[in-house]
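Enquirer: Let me begin by handing over the structure; questions about it come next.
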């Protein structure tokens, strides 16, 4: 991305620019639009609705910058553009203020228009305005269900049938459970009523063509998955689901340290490592302060809607689930779940449901204004945005670390996790941490498994942009109003890393008394360096799915016995450089050991039984497990990305 210059002193100002962006009547020229029918005029032909766009003035050397008032007026004067609202830039102080020479962040105008109109506007404005689609954001939850058929080639196999699904829990019928039935055609779905029943109609199916059934209770129960269910048409088909406490002993009465937290070593930290003094933003769907593990959270704002206090409403549960992983507490007799940093100051930025790129801009502005240290973004979607990336870069310059979910599309890393100015997190799971008849058992990527039971999640996005991976399958955390749920997604992996990042900032000597106390980009880079260099490498055979590996709390904080503080980056520890050396036929470079020669290896670790002297510092290994497959060579495009990443292009 090109560096923006300061405003010049050219005589060409807003008046001259108007000739590029308006017609003779002072309005933007019309292009490819048709008038909308007035109410009461009868049926209207269905057409594509206008899209919403972000328009932001950009500073360019030698040219005056459009003011937001001028830009808004020009857009308002066009009859085929609807101005929705304007978004003011953040109020920054100190070294980040415009008074001290910093280029101010752009305000935004949000407007609805046709894509053709937006392209014309961008062509006319050139580099003086950024015109980008205001994409819908998705929260990184609910990995893709079984592949849907191509609607163009669907062939009904039968007339169809109706079935009633009854869902029972340990205390009787379960209302509000989601039921999905998958056959050869489109899936059918329903939600159980007060009697625990949902009736679904399966068009073009017979009982023999039904492939699977999925039940997702709203709260406090495991999901249920069954292949080739034997459904009885026009009858009640009963399913009994398991309570979380049936598998997790003494839960929720006794506070749970989740399997993901244990895998990252949180249970080995002293109780005083609680993240006190660090501000964390959870940019998500809000939060339920009624929850036993979240009642200490008192700061936030709602970006969507007109009520700024509505951050305390979480109709989705996604934000509450993420916040519980980060800061669930207090640790004691209250039960429930434990988070990584229960003493951190949590700020909730509610942008879901309905969140767009422009809402993320406003949330990042809030974070910069309030001095947030770490922002958790379990979200993504859409094409890369220069406007959002400018915000992330400025946040980084202010010492704020953005930790972002890689995505759940099983494809390339999604934006904004794809920007190099954040820490992108992929997801993994572990066998034995969920019931075999739950949907979590379907999330393992075929052909991959480590010797200690870990597997890459098949829904997780992958690519050279992935920095680390973290637990994201069957993660138990808080749900409104005071319940719990086991969810999957890179959304769940990301707060694991956010919580650990807060502990590192609060307790690592580099940030408490070292040379990285100042809030600047060096602070963020050092934090990311520590998290990656102290991570446990995973033998999945594909670094694009794991990055540097699974972060380790004891090593990240310099507390593991015999481990020295983190040193400078070793070339052999970079997965991209290791891949490049292998492609060039060079011998692998072992990273310098952080364990002195006289120190014994950690007692929980055994040497690998593959002829290598390397010792895996991760969790204990499982005997007789399948050996990971050989690493596959990347394609030419990936090689170019790797060479760019290590500085050779």
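Enquirer: Can you tell me how many residues in the range 390-415 are out of contact with any strand residue (DSSP E or B) (no Cβ under 8 Å at 6 or more places or on another chain), within 22 Å of residue 525 (Cα to Cα) and assigned to a loop (DSSP other than H, G, I, E, B)?
Expert: 2
Enquirer: Scan the range 570-586 and tell me whether some residue there is assigned by TED's automatic domain parsing to the domain that holds residue 459, modelled with pLDDT of 95 or more and over 19 Å from residue 468 (Cβ atoms).
Expert: No, that holds for no residue.
Enquirer: Name the one entry in 447, 453 that is modelled with pLDDT under 95 and farther than 27 Å from residue 245 by Cβ.
Expert: 447
Enquirer: Right, another one. Name the single residue that is farthest from residue 383 (Cα to Cα) among those in the range 450-465 being in contact with a strand residue (DSSP E or B) (Cβ under 6 Å, 6 or more places away or on another chain) and not in a loop (DSSP other than H, G, I, E, B).
Expert: For the range 450-465, the residue satisfying everything is 454.
Enquirer: Just one of 555, 526 is in the same structural domain as residue 439 (by TED's automatic domain parsing), over 25 Å from residue 321 (Cβ atoms), modelled with pLDDT of 95 or more and over 24 Å from the mean Cα position of the chain (by Cα); which is it?
Expert: Within the list 555, 526, the selection yields 555.
Enquirer: Quick one: count up the residues across the range 156-174 that are surrounded by fewer than 16 Cβ atoms within 10 Å (Cβ to Cβ) and free of Cβ contacts under 8 Å to residues at least 60 places away in the same chain.
Expert: Qualifying residue count, the range 156-174: 6.
Enquirer: Within the range 203-253, how many residues are surrounded by fewer than 16 Cβ atoms within 10 Å (Cβ to Cβ), out of contact with any strand residue (DSSP E or B) (no Cβ under 9 Å at 6 or more places or on another chain) and in a loop (DSSP other than H, G, I, E, B)?
Expert: Of the residues in the range 203-253, 2 are surrounded by fewer than 16 Cβ atoms within 10 Å (Cβ to Cβ), out of contact with any strand residue (DSSP E or B) (no Cβ under 9 Å at 6 or more places or on another chain) and in a loop (DSSP other than H, G, I, E, B).
Enquirer: Kindly list the number of the only condition in (1) more than 19 Å from residue 415 (Cα to Cα); (2) surrounded by 21 or more Cβ atoms within 10 Å (Cβ to Cβ); (3) in contact with a helix residue (DSSP H, G or I) (Cβ under 8 Å, 6 or more places away or on another chain) that fails for residue 468.
Expert: (1) is the only condition that residue 468 fails.
Enquirer: Does residue 489 satisfy the criteria of being on the phi > 0 side of the Ramachandran plot and surrounded by fewer than 24 Cβ atoms within 10 Å (Cβ to Cβ)?
Expert: no
Enquirer: Right, residue 508: in contact with a helix residue (DSSP H, G or I) (Cβ under 8 Å, 6 or more places away or on another chain) and assigned by TED's automatic domain parsing to the domain that holds residue 396 or not?
Expert: It is true that residue 508 is in contact with a helix residue (DSSP H, G or I) (Cβ under 8 Å, 6 or more places away or on another chain) and assigned by TED's automatic domain parsing to the domain that holds residue 396.
Enquirer: Another question, then. Taking the conditions exactly as written (under 22 Å from residue 437 (Cβ atoms), touching a residue at least 40 places away in the same chain (Cβ under 8 Å) and not in a loop (DSSP other than H, G, I, E, B)), does residue 200 satisfy them or not?
Expert: When the stated conditions are applied, residue 200 does not pass them.
Enquirer: Which is under 19 Å from the mean Cα position of the chain (by Cα) and either assigned by TED's automatic domain parsing to the domain that holds residue 392 or in a strand (DSSP E or B) (or both), of 429, 447?
Expert: 429
Enquirer: Can you pull out every residue in the range 312-358 that is touching a helix residue (DSSP H, G or I) at 6+ places or on another chain (Cβ under 6 Å), farther than 30 Å from residue 109 by Cα and buried (at least 24 other Cβ atoms within 10 Å of the Cβ)?
Expert: Residues satisfying the conditions are 322, 325, 326, 337, 339, 340, 341, 344.
Enquirer: I would also like to ask the following. Identify, by number, the condition in (1) part of a helix (DSSP H, G or I); (2) touching a helix residue (DSSP H, G or I) at 6+ places or on another chain (Cβ under 6 Å); (3) at pLDDT 95 or above that residue 548 doesn't meet.
Expert: All conditions pass for residue 548, except number (1).
Enquirer: Within the range 345-389, can you find the residues that are within 16 Å of residue 136 (Cβ to Cβ) and assigned to a loop (DSSP other than H, G, I, E, B)?
Expert: 351, 352, 353, 354, 355, 378, 381, 382, 383, 384, 385
Enquirer: Restricting attention to the range 369-384, and to residues there that are within 23 Å of residue 352 (Cβ to Cβ) and surrounded by fewer than 24 Cβ atoms within 10 Å (Cβ to Cβ), which single residue is nearest to the chain's Cα centre (by Cα)?
Expert: That would be 381.
The values are calculated or read from the model by the stated rules, or taken from the named source; none is laboratory data. In this text, all values refer to a predicted model and were calculated from it rather than measured experimentally. Backbone-built Cβ (ideal geometry, glycine too); neighbour counts: all protein chains shown.
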